[in-house]
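The values are calculated or read from the model by the stated rules, or taken from the named source; none is laboratory data. All values derive from a computational prediction rather than experimental measurement. Note that each Cβ is placed from the backbone with ideal geometry, even for glycine, and that neighbours are counted across all protein chains shown. Protein only, heavy atoms only, side chains kept; ligands, DNA and RNA dropped before computing areas. Shrake-Rupley method; radii C 1.70, N 1.55, O 1.52, S 1.80 Å.
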Amino acid sequence: MIDPDRLPTIAAPRVLLRWLTEDDVDALFSIFSNPEVMRYWSTLPMTDRREARELLEHVHESFRRQTLWQWGVARRDDDLVIGTCTLFHFEADNRRAEIGYALGREHWGQGYMGEALEALLGFAFGELDLHRLEADVDPRNSSSIRTLERLGFQREGYLRERWLVGGEAQDALFFGLLRREWTGRSRPEILPPSAAEER
Ligand SMILES: CC(C)(COP(=O)(O)OP(=O)(O)OC[C@H]1O[C@@H](n2cnc3c(N)ncnc32)[C@H](O)[C@@H]1OP(=O)(O)O)[C@@H](O)C(=O)NCCC(=O)NCCS
């Protein structure tokens, strides 16, 4: 079902979740060097384009090792990568994984990430047959919390000073969504590899 060489392309109305390539390094740098985007991230903002290239290598290597799947969120009209979303911490026996996401600062407030995550959740609960998805959010990250709650995630726990980033201790709010709570939502279109190649 899953192409062993690359992630499947998942379609949402205005964006595609697609495999990241060398051509996306500048877009990745633009997203992950912005201090507002990185305010509640688990690492500091990138300061050098080389870090974006290293991120791309990490994304490809982690896919090869099947430890983390990170898609580019590309606008369908111009194929620009405006964000990324991720499935990681896979636990096959318990059919669960964690999600992560980031959107370039200039693209906030237009519903792109909600759309992308709706498609990702449909893929995770549908194609991958997961039972549970989790998310770990800084309690001060109100836009991320709104994003999760709009998707139906529930607050499940509060972990104190779970992260130490740039000398700052950050708390974590844990969210969860069960597959049965997702039932009834539509399944996203998975583009065949040939169509995805032609993008
Ligand atoms: C978390 C993050 C992706 C949310 O971005 P966002 O722009 O608020 O999310 P969406 O793209 O889903 O857009 C939703 C917003 O667009 C608005 N919107 C405008 N047009 C819309 C449309 N056509 N459809 C849906 N929503 C629309 C919604 O009202 C909503 O705004 P609100 O939250 O003020 O009500 C973004 O803040 C981010 O990248 N943060 C930094 C990285 C990060 O912290 N990631 C999470 C780590 S846990």
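Inspect region 94-111 for any residue being crowded, with 18+ Cβ neighbours inside 10 Å, more than 15 Å from the ligand (Cβ to nearest atom) and not aliphatic (A, V, I, L, M) and give the result as yes or no. Yes, because at least one residue in region 94-111 is crowded, with 18+ Cβ neighbours inside 10 Å, more than 15 Å from the ligand (Cβ to nearest atom) and not aliphatic (A, V, I, L, M). The residue pairs whose first member lies in region 111-138 and is of a type in the set (Gly, Ala, Ser), whose second member is open to solvent by 30 Å² or more (accessible area, probe 1.4 Å) and modelled with pLDDT under 95, and whose beta carbons are closer than 8 Å, counting only pairs six or more residues apart or on different chains, are 122/185; 122/186; 122/187; 126/187. What number of residues within region 66-93 satisfy the criterion of being open to solvent by 20 Å² or more (accessible area, probe 1.4 Å), part of a strand (DSSP E or B), touching a His at 6+ places or on another chain (Cβ under 9 Å) and free of Cβ contacts under 8 Å to residues at least 60 places away in the same chain? Within region 66-93, residues that are open to solvent by 20 Å² or more (accessible area, probe 1.4 Å), part of a strand (DSSP E or B), touching a His at 6+ places or on another chain (Cβ under 9 Å) and free of Cβ contacts under 8 Å to residues at least 60 places away in the same chain number 1. I'd like to know if region 141-154 contains one or more residues that are over 14 Å from the mean Cα position of the chain (by Cα), open to solvent by 20 Å² or more (accessible area, probe 1.4 Å), touching a residue at least 12 places away in the same chain (Cβ under 8 Å) and away from the ligand (no atom under 13 Å from the Cβ). The answer is yes, given that some residue of region 141-154 is over 14 Å from the mean Cα position of the chain (by Cα), open to solvent by 20 Å² or more (accessible area, probe 1.4 Å), touching a residue at least 12 places away in the same chain (Cβ under 8 Å) and away from the ligand (no atom under 13 Å from the Cβ).
Please determine whether any residue of region 103-122 is on the phi < 0 side of the Ramachandran plot, in a strand (DSSP E or B) and at pLDDT 95 or above. So that I can check it myself, show each step before the final result.
So in region 103-122, the residues on the phi < 0 side of the Ramachandran plot come out as 103-108, 110, 112-122.
Next, from what is left, pick out any that are in a strand (DSSP E or B): 103.
From what is left, the residues that are at pLDDT 95 or above are 103.
The answer is yes, given that some residue of region 103-122 is on the phi < 0 side of the Ramachandran plot, in a strand (DSSP E or B) and at pLDDT 95 or above.
Output yes when any residue across region 21-36 is under 29 Å from residue 186 (Cα atoms) and in a strand (DSSP E or B), and no when none is. So far as region 21-36 goes, no, none of its residues is under 29 Å from residue 186 (Cα atoms) and in a strand (DSSP E or B). Within region 163-181, the set of residues being farther than 24 Å from residue 122 by Cβ and out of contact with any strand residue (DSSP E or B) (no Cβ under 7 Å at 6 or more places or on another chain) comprises 164, 165, 166, 167, 168. On the given criteria, is residue 56 more than 14 Å from the ligand (Cβ to nearest atom) and open to solvent by less than 60 Å² (accessible area, probe 1.4 Å)? Answer is yes for this residue. For region 31-46, a residue qualifies if it is farther than 15 Å from residue 137 by Cβ and in contact (Cβ under 8 Å) with a residue 60 or more places away in the chain, and the qualifying residues are 31, 32, 34, 36, 43, 44. Looking at region 16-30, can you tell me whether even one residue there is within 13 Å of the ligand (Cβ to nearest atom), surrounded by 13 or more Cβ atoms within 10 Å (Cβ to Cβ), closer than 29 Å to residue 140 by Cβ and of a type in the set (Phe, Trp, Tyr)? No, the conditions are met nowhere in region 16-30.
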